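Worksheet for the structure shown next.
The values are calculated or read from the model by the stated rules, or taken from the named source; none is laboratory data. The structure presented is a predicted model; accordingly, all values stated were derived computationally and were not measured. Neighbour counts run over all protein chains shown; Cβ positions are idealised from the backbone, glycine included. Areas reflect the complete protein model, heavy atoms only, side chains present, ligands, DNA and RNA absent. Shrake-Rupley method; radii C 1.70, N 1.55, O 1.52, S 1.80 Å.
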Amino acid sequence: MFIKYKFKIMNRVELIQKIIDKKNFTRYLEIGSYKGESFFPIKCKRKVAVDPKFYIPLKRKLKWIYIKPSNFFNKYFEYTSDDFFKNKSSFIKKYKPEIVFVDGLHTFKASLLDVLNSLKYLSNDGVIVMHDCLPPNKAGAVYANSFIEAGKMNLEGWTGEWTGDVWKTIIYLKEKYKEVLSITVLDTDYGLGYITIKSSITNFVIDESIFDEVNKSTYEELITDPSIINLKDKEYHHILLQD
Ligand SMILES: C[S@@+](CC[C@H](N)C(=O)[O-])C[C@H]1O[C@@H](n2cnc3c(N)ncnc32)[C@H](O)[C@@H]1O
């Protein structure tokens, strides 16, 4: 979702920064960075961005190094997230992210793979924040392979906001990993998923039968019963940050 974070209360950047500051994290990985609107303002010692197509001219990089000098150390990987995890496994193993922001391709399958791949390398006390877990309306929840593809469908009620079916990843994780993951969605900034590890995970393979079952879930079901994604008021972040 392309939005100006500064007009939102308790947006993704603020949440991520609170987590980093509270937990003294130094390693931040962002999947899906686009123009760097979330990536650059975040203050963290070592930041890594992954995107198959960055829209970040040198001038913008330099501007942000000036504003926040720690941006000098940023690393950029122009890859799809799948290729990044496949081709750069030794880098990421060594890097061991403490916080991952998942905001790449807005489909159930892609976002699920991003979370599962991140969990393989996340430090034990790490946090995954996932954007777009609460669609703004039915049209914005449509399955598509890009924002442009979704827009071209000319759907009734289309507002130019697209979260896709990322929300299904939350349901899948709650179903498959209920004993080992703690999963909450904060009701702000198109739904911010907050995922932490309760005990270690060994199986990262997608269970196709759970996937197919979850994939049948509808937007109407989500809106009727938002507890299926464990939706909480944004103020609940105070509780989450106590852990
Ligand atoms: C919504 S934008 C990210 C916005 C940014 N995080 C922010 O908050 O301003 C989504 C980004 O995901 C990228 N993307 C698309 N497919 C991807 C993939 N397979 N792996 C990683 N990133 C992908 C797009 O190129 C796009 O830049």
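Descriptive notes on the structure:
- Positive-pole candidate from S146, Y236, P97, dipole of the stretch 94-243, charges at beta carbon: P97
- Whether the chain is rounded, prolate or oblate, judged on the alpha carbon gyration tensor where a/c under 1.5 counts as rounded: rounded
- The trypsin sites (Lys or Arg not before Pro) of the stretch 145-224 that DSSP puts in a loop, and whose beta carbon has at most 16 other beta carbons within 10 Å, are K178, K198, K216.
- In order along the stretch 24-38, phi translates into HN-Hα couplings of 6, 6, 10, 10, 10, 10, 10, 9, x, 10, 6, 8, x, 5, 8 Hz, rounded to whole numbers, per the Karplus curve 6.51 cos²θ - 1.76 cosθ + 1.60 with θ = phi - 60° and x for Gly and Pro.
- Amide proton proximity set for V48, modelled H, under 5 Å, gap of 5+: Y28, L29, E30, K75
- Heavy atoms of R46: accessible area, 1.4 Å probe, square angstrom to 10: 100 Å²
- Annotation for the stretch 5-88: GluC sites (Glu not before Pro) lying in DSSP loop with at most 14 further Cβ atoms inside 10 Å of their Cβ are E78.
- Sites matching chymotrypsin sites (Phe, Trp or Tyr not before Pro) across the stretch 144-225 that sit in DSSP coil, with at most 13 neighbouring C-beta atoms within 10 Å: F204
- Accessible surface of the stretch 134-243 [probe 1.4 Å, protein heavy atoms]: carbon and sulfur percent: 51 percent
- Shown in residue order for the stretch 178-192 are the 3J(HN,Hα) couplings computed by the Karplus curve 6.51 cos²θ - 1.76 cosθ + 1.60 at θ = phi - 60°: 4, 7, 10, 10, 10, 9, 9, 10, 8, 7, 6, 6, 6, x, 9 Hz (x for Gly and Pro).
- Cross-link pairs beyond the 23 Å C-alpha cut-off, checked among K23/K198; K59/K120; K75/K198; K109/K174; K178/K216: K59/K120; K75/K198
- By definition, a body whose alpha carbon gyration tensor gives a ≥ b ≥ c is oblate when a/c is 1.5 or more and a/b is not larger than b/c, and the stretch 55-194 fits this oblate description.
- With every protein chain in place, the stretch 1-90: carbon and sulfur % of accessible area (1.4 Å): 56 percent
- For the stretch 105-113, 3J(HN,Hα) computed residue by residue from phi via the Karplus equation (6.51, -1.76, 1.60; θ = phi - 60°) reads 5, 8, 10, 4, 4, 5, 5, 5, 4 Hz, glycine and proline entered as x.
- Cα-based shape type of the stretch 170-243, given that a ≥ b ≥ c are square roots of the gyration tensor eigenvalues and the cut on a/c is 1.5: oblate
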